[in-house]
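Throughout, read-outs are computed from the coordinates displayed, never taken from laboratory work. Since we're looking at a predicted model, the values are computed, not measured. A quick note on method: Cβ atoms are made from the backbone with ideal geometry, for glycine too, and the neighbour counts reach across all protein chains shown.
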Amino acid sequence: MHQHEITLPNGVVMPTLGLGTWFMGESSMARKEEIEALSHGIALGMTLIDTAEMYANGGAEEVVAEAIAGKRSEVFLASKVLPSNASRQGTIAACERSLKRLKTDHLDLYLLHWRGSYPLEETFEAFRELEKAGKIRAFGVSNFDLADMEEAARVDEGQNSANQVLYNLASRGIEWDLLPWQREKNIPVMAYSPLYQTRLLRNQELQRLATALSITPAQLALSWLLHQGVVPIPKSSNIARIEGNRKAWDITLSPETLAKLDVIFPPPTRKMPLDIL
């Protein structure tokens, strides 16, 4: 059994397994299915929903708005500001637009989507202002490597609450230095594309190991991430798959299984550039 919640540095509590929305909101045909999938995930207790103004140019946030209508208080809602909007005024304006699309008065977590040209001081100043105004409960970053995180630590007054990066069995570079540093600072890692956009699931050795354990490759890959103490946010519009993903919370992997996974997907032996999709 895994912890179902973690506490961010500022005391806000976040679920440890969530629902991603990248590529949602792009097709009106898929909309009903996407809303139903997210609603179902929430009903199963996967109440962390991760979105961004970038996804479908705000379309994903509009899908999320429909999925959380009437149950906003149950949901932990994260969204992101584009670096091109991340000036002091731009961040505040972007947040207001996201809130309007999401039909809510606050975000639980607001992230800078990746490093841009605006100074971090400006973005963090805006984040702090939004926090004071009650528009966001916590803020953080995404796609930051260790050097970026260290710089952020110098300007964020210890309030940076999360870093969302690409992390999965096939992409373990952050274990060399970023993950240990964040663990030490108690800043959670959120893992996007935790199944490497399903590429991982085609790995035959992973399939064999999962079969031997009577679980699915996706459950094995997600459970492994939960064992690392990170927060995976798999995206799916398929209700059966979401039900499967939810079960990852209840799976405990033995040391032998973890060792086998290290053989199939070796951990890094040197510093790697941050992997992004």
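For Met190, what residues show an amide H to amide H distance below 5 Å, using hydrogens built from the backbone and excluding near sequence neighbours?
Asn163, Gln164, Val165, Val231
For segment 53-189, what does the equivalent ellipsoid look like in terms of its semi-axes, each the square root of 5 times an eigenvalue of the Cα gyration tensor, given largest first in whole Å?
24, 18, 14
What distance in nm separates the simple spin-label points at Arg97 and Glu243, each placed 7 Å from Cα in the Cβ direction?
Spacing of the two 7 Å Cα→Cβ label points: 3.9 nm.
Over the chain, what is the relative contact order in whole percent, taking alpha-carbon pairs under 8 Å and six or more residues apart?
21
Cut-off under 19 Å on the C-alpha distance; same-chain residues fewer than 8 positions from Lys71 excluded. Which aspartates and glutamates are left, in chain and number order?
Glu5, Glu33, Glu34, Glu36, Asp50, Glu61, Glu62, Asp105, Asp108
At each listed q (0.08, 0.11, 0.16 Å⁻¹), what is the log10 of I(q)/I(0) that the Debye formula gives for the chain modelled as equal alpha-carbon point scatterers?
Log-scaled intensity ratios, in q order: -0.30, -0.59, -1.26.
If packing is taken as the average count of other Cβ atoms within 10 Å, what order do 268-275, 134-141, 38-45 fall into, highest mean first?
Ranking the peptides 268-275, 134-141, 38-45 by packing returns 134-141, 38-45, 268-275.
Sorting Lys247, Lys132, Lys260 on the 10 Å Cβ count, fewest up front, what's the list?
Working: Lys247 15, Lys132 9, Lys260 18.
Lowest to highest Cβ neighbour count: Lys132, Lys247, Lys260.
State the answer as a single residue: which of Ala170, Val155, Leu112 lies farthest towards the positive end of the charge dipole of segment 110-174, with beta carbon charges of +1 for Lys and Arg and -1 for Asp and Glu, about the Cα centre.
Of the options given, the answer is Ala170.
Cross-link partners among aspartates and glutamates for Lys271, C-alpha distance below 15 Å, same-chain residues fewer than 8 apart left out?
Candidates past the 8-residue exclusion: Asp145, Asp148, Glu175, Asp177.
For all pairs of alpha-carbon atoms in segment 148-277, what percent lies in each bin of width 10 Å, listed from the first bin to the last filled one?
12, 43, 32, 11, 2
Test of understanding: in a Gaussian network model of the chain with alpha carbons linked when under 10 Å, which of Gly229, Gly58, Gly70 would top the mean-square fluctuation ranking?
Gly70
Greater than 26 Å separation of Cα atoms is the criterion. Which listed pairs, Lys103/Lys185; Lys32/Lys135; Lys103/Lys235; Lys135/Lys247, meet it?
Those over the limit are Lys103/Lys185; Lys32/Lys135; Lys135/Lys247.
Among Asn168, Asn143, Asn238, which one moves the most in a GNM of the chain with springs linking Cα atoms closer than 10 Å?
Asn238
Write down the percent of antiparallel bridges among all DSSP beta bridges whose residues are both part of the chain, to the nearest 5.
Numbers: 4 of 27 bridges.
Once the DSSP bridges in the chain are tallied, antiparallel ones form about 15 percent.
Just rank Met14, Met54, fewest to most, by other beta-carbon atoms within 10 angstrom.
By the 10 Å Cβ count, ascending: Met54, Met14.
Looking only at Glu175, Glu125, Glu184, which one moves most when the chain is put into a Gaussian network model with springs between Cα atoms under 10 Å?
Of Glu175, Glu125, Glu184, the most mobile in the Gaussian network model is Glu184.
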